[in-house]
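Below is one structure, written out as structure tokens; the observations come after it.
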Amino acid sequence: MSRLNKPFIIGILLTVLLAASCAIVSAHDDFTVDDISSFEELIDYETYLNRHFEQGAVRPDYEIYVFGEDYVSTNMDVDVVYVAENQSLAVRTDDWGYIAWEVEVPEAGFYNIEIYYLPVEGRGISIERSLEINGEIPFEGANYLVFPRVWGDAEEIRMDNQGNELRPLQKEFPVWQTKVLDDSMGDYLEPYSFYLEEGLNRIVLHSRREPMLVDYLRIFQVDKIPTYAEKEEEYRAKGYKEARDVFIKLQERDSTYRSESTISPMFDQGDPTMEPYHPALIRLNMIGGDSWSQTGQWVRWDFEVPADGLYKIAIKGKQNLQRGSFSNRRVYIDGQVPFSEVQAVRFPYNANYIMNVLGPEGEDTPYLFYLTEGKHSITLEVVLGDLVEVIRTIENSVYELNSTYRQIVMITSPTPDPMRTYELPKRIPGLIESLLEQAEVVSEVAVALEAYTGQKGGATVILQDLSRQLRDLARNPDTIPSRLAEFRDNLGSLGTWLLSVREQPLAVDYLIIASPEQELPSATATFRERMEHEA
């Protein structure tokens, strides 16, 4: 439940609370929605940006460091410790309370904020903080910032006395990490921008759960991620050449670190192309599935290449849980997104494993990644990808429709009298216009979703049904009380879909880093292999 969007949660809670009082207020025939005390509107991130941009906000190109030990106030029992690894001091913050810093900003505008932190031993769950600037939380998302821990295998994979491989125990690997503050729900692909005034600003971190060490805060501008075309031009300008005779396969068990202890090597006995493979005994031959489906979860593989050059990357994976949709992964090389096209790599629905070569969709030419001789890492992180706009639009629509539903129920009660005329359009100003507006929004989203997935059915059916119902209710407002339950059920179905569409499962057998001339293995089992497997 902690991952639900707050406007949606609040809408449902207010619906329940207001519905409880409906029987009382509906007894007054002269009651209108104007008599309802208005609730304070929550400021979302998009509104926050627009308000400041309308006032001429800019993005000044400054970099400012605020060191952890220079805090100005706190209500925690903090400790300032020396970190030999960084040759610096850091402040230990508890899992409750606040700590505040003051920073002098030379020019007002939007800045990104990065925190260099170390997870401290706690309950083994992600660290959460909220951020306050100059006495207020700037927008809704800043109230829920997540700092992941790092997990990995605590032991080698062992076998039981029957020859089955045993899932290794997981342990935490506390390492210093940089975290650019961003949306933990994944509704915005870019990091958060925070507006800071010229002069002295007060930045406060409120602990929500789990302790951590803070070395510094960095106030800066995130570099724009180049396109692949720009990257290719850079390759040509610097004379980079394609690598030759290199083929590196990274199995699921070669994954070095993960964001959560629930993500670890697992087994899949349904495909004879899996590595390692056994038709009957358990072999830990994949990682992910539904345990690797939530926004922000990541898996990292470390590897080494023998020579400088341009390489291609392929991922043998399967997304067989979200029919009619894609799972998305952001690709990091050595902790950086190399170009914008791999900010959200799509993995289509398929009942079988497929070889996903990173490259333009519908083209055979792969993307090339420049790697220097030596050690590197590749990280795959769960993101929502192109679904972001669809999800945000539908969440806003659900919030508006929940508000409309509450207004109706305040007058009719949850069980309207079928013999009574409520004259809802007179008592709820703008009711008809609101229904028609949301009908249009929902219909447009259904069309966009169909274009995105290339399929009809599922969510598009729910959306189109709701759109038709809203238009019909607008044409025949006298039928609204008798159809209130149907309206509520459609809203509930849409809310359920919103929760499910955020899940981005993906099972990975292995990754390949290879020179461009290398032929990739087939991920599809032959007829003979399947027959032998079933036999």
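Here are the numbers for the structure shown:
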| quantity | calculated |
| --- | --- |
| At q = 0.07, 0.08, 0.12, 0.13 Å⁻¹, base-10 log of I(q)/I(0) for the chain (Debye sum, equal scatterers on each alpha carbon) | -0.51, -0.66, -1.27, -1.37 |
| Ranked order, Arg427, Arg483 - accessible area, probe 1.4 Å, largest first | Arg483, Arg427 |
| Over the chain: helical MRE at 222 nm, DSSP H runs n ≥ 4 each giving -39500 (n - 2.57), nearest 500 | -8000 deg cm²/dmol |
| Spatial separation of Cα centroids for the stretch 365-432 and the stretch 504-535, in angstrom | 37 Å |
| Backbone HN-Hα couplings from phi across the stretch 159-170 [Karplus 6.51/-1.76/1.60, Hz, Gly and Pro as x] | 10, 7, 6, 9, x, 8, 6, 9, 5, x, 5, 9 |
| Gained length - Glu46 relative to Leu520, 0.36 nm times residue gap less alpha-carbon distance | 166.3 nm |
| Asp77/Thr256 FRET efficiency (R0 41 Å; Cβ-Cβ; nearest 0.05) | 0.75 |
| Relative contact order (%) - criterion: Cα under 8 Å, at least six apart; region: the chain | 18 percent |
| The stretch 318-422 - convex hull of alpha carbons, volume per residue in Å³ | 177 Å³ |
| Cα-based helix-to-principal-axis angle, 459-475 vs the chain, degrees rounded to 10 | 10 degrees |
| Accessible area (Å², per residue) of the chain, counting only protein heavy atoms and a probe of 1.4 Å | 48 Å² |
| Rounded Å value of the spacing that divides the Cα centres of the stretch 126-201 and the stretch 204-246 | 17 Å |
| Cα-projected label distance for Thr372 with Phe173, points at 7 Å along beta-carbon direction, nm | 2.2 nm |
| Alpha carbon Rg of the stretch 444-498, scaled by the compact-globule rule 2.2 N^0.38 Å | 1.23 |
| P(r) weight above 21 Å for the stretch 224-343, C-alpha pairs, percent | 52 percent |
| Test item: Cα-centred dipole of the stretch 70-146, Lys/Arg +1 and Asp/Glu -1 on Cβ, debye | 200 debye |
| Rounded percent of accessible protein surface that carbon and sulfur make up, the chain, 1.4 Å probe | 49 percent |
| Lys/Arg +1, Asp/Glu -1 at C-beta; the stretch 261-394 dipole; positive extreme among Phe369, Phe326, Thr262 | Thr262 |
| Full-extension gain in nm, Arg236 to Asp472, via 0.36 nm per residue minus C-alpha separation | 79.0 nm |
| Packing-based order for 322-328, 437-443, 71-77, using average beta carbon neighbours within 10 Å, highest first | 322-328, 437-443, 71-77 |
| Bins of 5 Å, starting at 0 and running to the largest distance - Cα pair percent for the stretch 94-156 | 3, 11, 21, 24, 15, 11, 7, 4, 2, 1, 0 |
| For Val180, residues with placed amide H under 5 Å, excluding near neighbours | Ile115 |
| Net charge dipole size for the chain [Lys, Arg +1 and Asp, Glu -1 on Cβ; Debye, nearest 20] | 1360 debye |
| Mean-position separation - Cα centroids, the stretch 71-124 and the stretch 444-470, in angstrom | 46 Å |
| Distance histogram in 10 Å bins (all Cα pairs of the stretch 472-525, percent per bin) | 16, 23, 16, 13, 12, 13, 6 |
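The values are calculated or read from the model by the stated rules, or taken from the named source; none is laboratory data. Just so it is clear, the structure is predicted and the values come from calculations on it, not from any experiment. We place every Cβ from the backbone using ideal geometry, glycine too, and count neighbours over all the protein chains shown. SASA here: full protein model, heavy atoms, side chains in, ligands and nucleic acids out. Shrake-Rupley method; radii C 1.70, N 1.55, O 1.52, S 1.80 Å.
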